[in-house]
Amino acid sequence: MINKYLVINPIVEDAIKNGKPVVALESTIISHGMPYPKNVETALAVEEVIKSNGAVPATIGIIQGKIKVGLTKEDIEYLAKAKGVVKVSRRDFPYVLAKKLDGATTVAGTMIAAELVGIKVFVTGGIGGVHRGAGDSFDISADLEEMKNTDVTVVCAGVKSILDIQATLEYLETSGVTVITYNSDEFPAFYSRKSGCAAECRIDSALEIAELIKCKKDMGLKGGMIVACPIKEEDEIPFNQMDQVIREALKECKDKEISGKRITPFLLDRLKTITEGKSLQANIKLVLNNADIGSQIACKIVD
(Lines give C-alpha, C1' and ligand atoms only; values in the text may rest on other atoms or scores of the structure.)
Protein backbone atom coordinates (compact mmCIF):
# COMPACT_ATOMS: atom_id res chain seq x y z
CA MET A 1 0.00 0.00 0.00
CA ILE A 2 2.91 2.36 0.65
CA ASN A 3 3.67 2.35 -3.08
CA LYS A 4 0.71 4.68 -3.73
CA TYR A 5 2.60 7.36 -1.77
CA LEU A 6 6.11 6.56 -3.02
CA VAL A 7 7.95 7.65 -6.16
CA ILE A 8 11.52 6.37 -6.68
CA ASN A 9 13.79 8.01 -9.21
CA PRO A 10 14.63 5.35 -11.87
CA ILE A 11 18.39 5.92 -11.38
CA VAL A 12 18.07 5.34 -7.64
CA GLU A 13 15.74 2.36 -8.12
CA ASP A 14 18.18 0.73 -10.54
CA ALA A 15 21.08 1.27 -8.12
CA ILE A 16 19.17 -0.30 -5.22
CA LYS A 17 18.05 -3.31 -7.29
CA ASN A 18 21.59 -3.94 -8.53
CA GLY A 19 23.33 -3.52 -5.17
CA LYS A 20 25.11 -0.29 -6.05
CA PRO A 21 26.00 2.11 -3.21
CA VAL A 22 23.26 4.69 -2.57
CA VAL A 23 23.35 7.61 -0.12
CA ALA A 24 20.16 9.21 1.17
CA LEU A 25 19.99 12.98 1.72
CA GLU A 26 17.42 15.04 3.61
CA SER A 27 15.41 18.00 2.35
CA THR A 28 14.88 20.03 5.54
CA ILE A 29 18.25 21.65 4.89
CA ILE A 30 16.80 22.81 1.55
CA SER A 31 13.45 24.16 2.78
CA HIS A 32 14.29 25.24 6.33
CA GLY A 33 18.04 25.13 6.88
CA MET A 34 19.51 27.57 4.35
CA PRO A 35 18.39 30.63 2.38
CA TYR A 36 17.87 30.58 -1.39
CA PRO A 37 19.95 30.11 -3.55
CA LYS A 38 22.56 28.67 -1.15
CA ASN A 39 20.18 25.82 -0.33
CA VAL A 40 19.98 24.70 -3.97
CA GLU A 41 23.70 25.21 -4.61
CA THR A 42 24.59 23.16 -1.52
CA ALA A 43 22.12 20.36 -2.26
CA LEU A 44 23.49 19.94 -5.78
CA ALA A 45 27.12 20.21 -4.62
CA VAL A 46 26.55 17.48 -2.03
CA GLU A 47 25.11 15.22 -4.72
CA GLU A 48 28.18 15.83 -6.88
CA VAL A 49 30.54 14.86 -4.04
CA ILE A 50 28.65 11.60 -3.60
CA LYS A 51 28.77 10.86 -7.33
CA SER A 52 32.51 11.59 -7.43
CA ASN A 53 33.09 8.76 -4.95
CA GLY A 54 31.12 6.27 -7.03
CA ALA A 55 27.82 6.29 -5.12
CA VAL A 56 24.32 7.37 -6.16
CA PRO A 57 22.73 10.30 -4.28
CA ALA A 58 19.05 10.08 -3.32
CA THR A 59 17.71 13.34 -1.93
CA ILE A 60 14.34 12.68 -0.26
CA GLY A 61 11.36 15.01 0.01
CA ILE A 62 7.58 15.13 -0.32
CA ILE A 63 5.90 16.90 -3.22
CA GLN A 64 2.10 17.11 -3.36
CA GLY A 65 1.65 14.12 -1.09
CA LYS A 66 4.22 11.84 -2.72
CA ILE A 67 7.43 10.72 -1.02
CA LYS A 68 10.06 11.23 -3.70
CA VAL A 69 13.30 9.27 -3.28
CA GLY A 70 15.83 10.86 -5.60
CA LEU A 71 14.67 14.42 -6.19
CA THR A 72 15.44 15.92 -9.57
CA LYS A 73 17.11 19.32 -9.92
CA GLU A 74 13.67 20.77 -10.66
CA ASP A 75 12.24 19.15 -7.51
CA ILE A 76 15.05 20.65 -5.41
CA GLU A 77 14.40 24.11 -6.90
CA TYR A 78 10.71 23.69 -6.15
CA LEU A 79 11.23 22.79 -2.47
CA ALA A 80 13.81 25.55 -2.12
CA LYS A 81 11.31 28.21 -3.20
CA ALA A 82 7.92 26.81 -2.17
CA LYS A 83 6.00 28.41 0.71
CA GLY A 84 4.45 26.43 3.54
CA VAL A 85 6.63 23.35 3.18
CA VAL A 86 6.01 21.18 6.27
CA LYS A 87 8.90 19.77 8.30
CA VAL A 88 8.14 16.07 8.24
CA SER A 89 9.11 13.67 11.01
CA ARG A 90 7.39 10.35 11.83
CA ARG A 91 4.24 11.94 13.26
CA ASP A 92 3.75 14.21 10.23
CA PHE A 93 3.72 11.68 7.38
CA PRO A 94 0.02 10.71 7.52
CA TYR A 95 -1.15 14.33 7.56
CA VAL A 96 1.18 15.56 4.81
CA LEU A 97 0.55 12.58 2.51
CA ALA A 98 -3.22 12.45 3.01
CA LYS A 99 -3.56 16.21 2.44
CA LYS A 100 -1.24 16.05 -0.58
CA LEU A 101 1.06 18.72 0.86
CA ASP A 102 4.71 19.53 0.27
CA GLY A 103 7.12 18.33 2.93
CA ALA A 104 10.81 18.49 3.78
CA THR A 105 12.02 15.39 5.59
CA THR A 106 13.94 15.79 8.84
CA VAL A 107 16.62 13.34 9.96
CA ALA A 108 13.91 11.07 11.36
CA GLY A 109 11.70 11.44 8.29
CA THR A 110 14.56 10.73 5.91
CA MET A 111 15.60 7.64 7.88
CA ILE A 112 12.07 6.25 7.57
CA ALA A 113 11.94 6.81 3.79
CA ALA A 114 15.48 5.44 3.31
CA GLU A 115 14.68 2.24 5.18
CA LEU A 116 11.44 1.81 3.20
CA VAL A 117 13.40 1.52 -0.04
CA GLY A 118 16.51 -0.22 1.32
CA ILE A 119 19.06 2.61 1.52
CA LYS A 120 21.58 1.89 4.28
CA VAL A 121 23.54 5.18 4.56
CA PHE A 122 22.18 8.68 5.07
CA VAL A 123 24.24 11.89 5.07
CA THR A 124 23.07 15.02 6.87
CA GLY A 125 24.53 18.10 8.59
CA GLY A 126 23.84 17.40 12.24
CA ILE A 127 21.27 15.34 14.12
CA GLY A 128 18.65 16.66 16.52
CA GLY A 129 18.85 15.79 20.19
CA VAL A 130 18.09 16.87 23.72
CA HIS A 131 17.50 20.63 23.82
CA ARG A 132 19.17 22.79 26.41
CA GLY A 133 16.76 23.13 29.33
CA ALA A 134 14.89 19.95 28.36
CA GLY A 135 14.45 19.19 32.05
CA ASP A 136 11.78 21.90 32.04
CA SER A 137 10.56 21.85 28.43
CA PHE A 138 10.80 18.08 27.71
CA ASP A 139 12.00 19.12 24.24
CA ILE A 140 13.79 16.11 22.76
CA SER A 141 14.09 15.60 19.02
CA ALA A 142 12.21 12.74 17.37
CA ASP A 143 15.51 11.97 15.61
CA LEU A 144 16.67 10.17 18.74
CA GLU A 145 13.62 7.92 18.92
CA GLU A 146 14.08 7.04 15.25
CA MET A 147 17.70 6.05 15.89
CA LYS A 148 16.44 3.36 18.26
CA ASN A 149 14.21 1.71 15.70
CA THR A 150 15.26 2.47 12.13
CA ASP A 151 18.15 0.57 10.56
CA VAL A 152 20.01 3.36 8.77
CA THR A 153 23.53 4.65 9.41
CA VAL A 154 23.52 8.43 9.79
CA VAL A 155 26.72 10.28 8.84
CA CYS A 156 26.77 13.76 10.38
CA ALA A 157 28.95 16.41 12.04
CA GLY A 158 27.63 15.38 15.44
CA VAL A 159 24.74 16.86 17.38
CA LYS A 160 23.69 20.38 16.43
CA SER A 161 25.61 22.62 18.84
CA ILE A 162 22.46 24.56 19.77
CA LEU A 163 21.53 21.43 21.76
CA ASP A 164 22.75 19.76 24.95
CA ILE A 165 25.40 17.49 23.48
CA GLN A 166 26.28 15.56 26.64
CA ALA A 167 22.62 14.84 27.44
CA THR A 168 22.05 13.71 23.85
CA LEU A 169 24.95 11.27 24.03
CA GLU A 170 23.58 9.90 27.32
CA TYR A 171 20.18 9.42 25.68
CA LEU A 172 21.75 7.57 22.74
CA GLU A 173 23.70 5.32 25.10
CA THR A 174 20.52 4.41 26.97
CA SER A 175 18.84 3.71 23.63
CA GLY A 176 21.62 1.33 22.56
CA VAL A 177 22.64 3.41 19.54
CA THR A 178 26.24 2.92 18.43
CA VAL A 179 27.99 6.30 18.09
CA ILE A 180 31.22 6.30 16.08
CA THR A 181 33.51 9.31 15.94
CA TYR A 182 35.48 9.45 12.73
CA ASN A 183 39.21 10.06 13.08
CA SER A 184 39.01 11.97 16.38
CA ASP A 185 39.24 11.29 20.12
CA GLU A 186 36.58 13.93 20.81
CA PHE A 187 32.96 13.97 19.67
CA PRO A 188 32.40 16.99 17.36
CA ALA A 189 30.06 19.92 18.01
CA PHE A 190 28.76 20.62 14.51
CA TYR A 191 30.45 23.99 13.78
CA SER A 192 33.41 22.99 15.96
CA ARG A 193 35.76 20.03 16.01
CA LYS A 194 35.60 19.68 19.79
CA SER A 195 32.72 19.56 22.25
CA GLY A 196 34.38 18.55 25.52
CA CYS A 197 32.82 15.07 25.18
CA ALA A 198 35.22 12.17 24.71
CA ALA A 199 34.64 9.79 21.79
CA GLU A 200 33.48 6.40 23.07
CA CYS A 201 34.23 4.67 19.75
CA ARG A 202 36.85 6.11 17.40
CA ILE A 203 37.30 4.60 13.91
CA ASP A 204 39.61 6.06 11.30
CA SER A 205 38.63 4.37 8.03
CA ALA A 206 35.53 3.97 5.90
CA LEU A 207 36.23 0.26 5.47
CA GLU A 208 36.29 -0.39 9.23
CA ILE A 209 33.01 1.50 9.67
CA ALA A 210 31.43 -0.53 6.85
CA GLU A 211 32.60 -3.74 8.57
CA LEU A 212 31.00 -2.58 11.82
CA ILE A 213 27.71 -1.88 10.00
CA LYS A 214 27.84 -5.39 8.53
CA CYS A 215 28.53 -6.89 11.97
CA LYS A 216 25.49 -5.12 13.43
CA LYS A 217 23.32 -6.47 10.62
CA ASP A 218 24.65 -10.01 11.09
CA MET A 219 23.73 -9.84 14.78
CA GLY A 220 20.18 -8.79 13.94
CA LEU A 221 20.35 -5.70 16.12
CA LYS A 222 17.65 -3.18 15.29
CA GLY A 223 18.07 0.57 15.18
CA GLY A 224 20.40 3.02 13.54
CA MET A 225 24.01 4.02 13.96
CA ILE A 226 25.74 7.40 14.02
CA VAL A 227 29.05 8.33 12.39
CA ALA A 228 30.12 11.75 13.66
CA CYS A 229 32.65 13.51 11.41
CA PRO A 230 34.46 16.59 12.75
CA ILE A 231 34.38 19.61 10.44
CA LYS A 232 37.78 20.30 8.88
CA GLU A 233 40.04 22.48 11.01
CA GLU A 234 40.23 25.29 8.46
CA ASP A 235 36.42 25.51 8.29
CA GLU A 236 35.46 25.36 11.96
CA ILE A 237 34.28 28.04 14.38
CA PRO A 238 35.95 27.47 17.81
CA PHE A 239 33.58 25.93 20.37
CA ASN A 240 33.82 28.66 23.02
CA GLN A 241 33.19 31.38 20.46
CA MET A 242 30.20 29.57 18.97
CA ASP A 243 28.74 28.65 22.35
CA GLN A 244 28.60 32.32 23.35
CA VAL A 245 26.72 33.16 20.15
CA ILE A 246 24.32 30.26 20.70
CA ARG A 247 23.53 31.39 24.25
CA GLU A 248 22.67 34.84 22.92
CA ALA A 249 20.38 33.36 20.25
CA LEU A 250 18.72 31.02 22.76
CA LYS A 251 17.89 33.96 25.01
CA GLU A 252 16.22 35.71 22.06
CA CYS A 253 14.31 32.51 21.33
CA LYS A 254 13.02 32.34 24.90
CA ASP A 255 12.12 36.04 24.93
CA LYS A 256 10.06 35.59 21.75
CA GLU A 257 8.41 32.43 23.19
CA ILE A 258 9.44 30.33 20.20
CA SER A 259 8.99 26.61 20.83
CA GLY A 260 8.76 23.17 19.21
CA LYS A 261 9.98 22.61 15.68
CA ARG A 262 10.19 26.38 15.09
CA ILE A 263 13.22 26.61 17.41
CA THR A 264 15.90 25.16 15.11
CA PRO A 265 15.10 27.26 11.99
CA PHE A 266 14.92 30.42 14.16
CA LEU A 267 18.25 29.70 15.83
CA LEU A 268 20.04 28.84 12.58
CA ASP A 269 18.87 32.12 11.06
CA ARG A 270 19.95 34.14 14.11
CA LEU A 271 23.35 32.41 14.20
CA LYS A 272 23.88 33.31 10.55
CA THR A 273 23.08 36.95 11.32
CA ILE A 274 25.14 37.21 14.51
CA THR A 275 28.20 35.50 12.97
CA GLU A 276 27.86 37.59 9.78
CA GLY A 277 27.40 34.49 7.65
CA LYS A 278 30.24 32.43 9.12
CA SER A 279 27.89 29.81 10.58
CA LEU A 280 26.23 29.29 7.19
CA GLN A 281 29.59 28.83 5.48
CA ALA A 282 30.67 26.34 8.16
CA ASN A 283 27.37 24.50 7.72
CA ILE A 284 27.96 24.16 3.98
CA LYS A 285 31.54 22.96 4.45
CA LEU A 286 30.65 20.35 7.05
CA VAL A 287 27.82 18.90 4.93
CA LEU A 288 30.20 18.50 1.99
CA ASN A 289 32.73 16.81 4.28
CA ASN A 290 30.06 14.45 5.60
CA ALA A 291 29.02 13.61 2.04
CA ASP A 292 32.59 12.71 1.16
CA ILE A 293 33.01 10.39 4.14
CA GLY A 294 29.49 8.97 3.99
CA SER A 295 29.73 8.03 0.32
CA GLN A 296 33.08 6.35 0.93
CA ILE A 297 31.43 4.25 3.66
CA ALA A 298 28.49 3.37 1.41
CA CYS A 299 30.90 2.15 -1.27
CA LYS A 300 32.60 -0.21 1.20
CA ILE A 301 29.44 -1.90 2.49
CA VAL A 302 29.08 -5.47 1.25
CA ASP A 303 25.92 -7.51 1.90
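Looking at the stretch 122-141, is at least one residue in contact (Cβ under 8 Å) with a residue 40 or more places away in the chain, among the aliphatic types (A, V, I, L, M), surrounded by fewer than 21 Cβ atoms within 10 Å (Cβ to Cβ) and in contact with a helix residue (DSSP H, G or I) (Cβ under 8 Å, 6 or more places away or on another chain)?
Scanning the stretch 122-141, I find no residue that is in contact (Cβ under 8 Å) with a residue 40 or more places away in the chain, among the aliphatic types (A, V, I, L, M), surrounded by fewer than 21 Cβ atoms within 10 Å (Cβ to Cβ) and in contact with a helix residue (DSSP H, G or I) (Cβ under 8 Å, 6 or more places away or on another chain), so the answer is no.
Being in contact with a helix residue (DSSP H, G or I) (Cβ under 7 Å, 6 or more places away or on another chain), over 16 Å from Arg132 (Cβ atoms) and among the basic types (Lys, Arg) is the requirement here; does Lys222 meet it?
Details: in contact with a helix residue (DSSP H, G or I) (Cβ under 7 Å, 6 or more places away or on another chain): yes; over 16 Å from Arg132 (Cβ atoms): yes; among the basic types (Lys, Arg): yes.
The answer is yes for Lys222.
Taking the stretch 253-292 on its own, how many of its residues are free of Cβ contacts under 8 Å to residues at least 60 places away in the same chain, touching a Phe, Trp or Tyr at 6+ places or on another chain (Cβ under 8 Å) and assigned to a helix (DSSP H, G or I)?
The number of residues fulfilling the criteria is 1.
I want to confirm something. Restricting to the stretch 170-213 and keeping residues that are among the hydrophobic types (A, V, I, L, M, F, W, C), under 28 Å from Ala134 (Cα atoms) and in contact with a Ser or Thr (Cβ under 7 Å, 6 or more places away or on another chain), which single residue is surrounded by the fewest Cβ atoms within 10 Å (Cβ to Cβ)?
That would be Cys201.
Could you list all residues from the stretch 160-201 that are of a type in the set (Val, Ile, Thr) and in contact with a strand residue (DSSP E or B) (Cβ under 6 Å, 6 or more places away or on another chain)? Working first, answer last.
Looking only at the stretch 160-201, we keep the residues that are of a type in the set (Val, Ile, Thr), and these are 162, 165, 168, 174, 177-181.
Scanning the stretch 160-201 gives Ile165, Thr168, Thr178, Val179, Ile180, Thr181.
Here are Leu268, Leu221: which of them is within 24 Å of Phe187 (Cα to Cα), surrounded by fewer than 19 Cβ atoms within 10 Å (Cβ to Cβ) and among the hydrophobic types (A, V, I, L, M, F, W, C)?
The unique qualifying residue is Leu221.
From (1) outside any loop (DSSP other than H, G, I, E, B); (2) at pLDDT below 95; (3) over 24 Å from Ser89 (Cβ atoms), pick out the condition that doesn't hold for Leu212.
Condition not satisfied by Leu212: (2).
Out of the stretch 109-121, which residues are in a helix (DSSP H, G or I) and either surrounded by fewer than 24 Cβ atoms within 10 Å (Cβ to Cβ) or without any contact (Cβ under 8 Å) to a residue 24 or more places away in the chain (or both)?
Listed by number, the residues that qualify are Ile112, Glu115, Leu116, Val117.
Restricting attention to the stretch 68-82, does a residue exist that is touching a residue at least 40 places away in the same chain (Cβ under 8 Å), out of contact with any Ser or Thr (no Cβ under 8 Å at 6 or more places or on another chain), crowded, with 18+ Cβ neighbours inside 10 Å and more than 18 Å from Leu288 (Cβ to Cβ)?
The initial filter retains those residues of the stretch 68-82 that are touching a residue at least 40 places away in the same chain (Cβ under 8 Å), namely 68-72, 76, 79-82.
If we keep only those that are out of contact with any Ser or Thr (no Cβ under 8 Å at 6 or more places or on another chain) too, we end up with 68-69, 72, 81.
In the following step, the residues that additionally are crowded, with 18+ Cβ neighbours inside 10 Å were identified as 68-69.
The next check asks that each one be more than 18 Å from Leu288 (Cβ to Cβ); those that pass are 68-69.
The answer is yes; a qualifying residue exists.
The values are calculated or read from the model by the stated rules, or taken from the named source; none is laboratory data. What you see is a predicted model; the values in this text were computed from it and never measured. Virtual Cβ from ideal backbone geometry, glycine too; neighbours counted across all protein chains shown.
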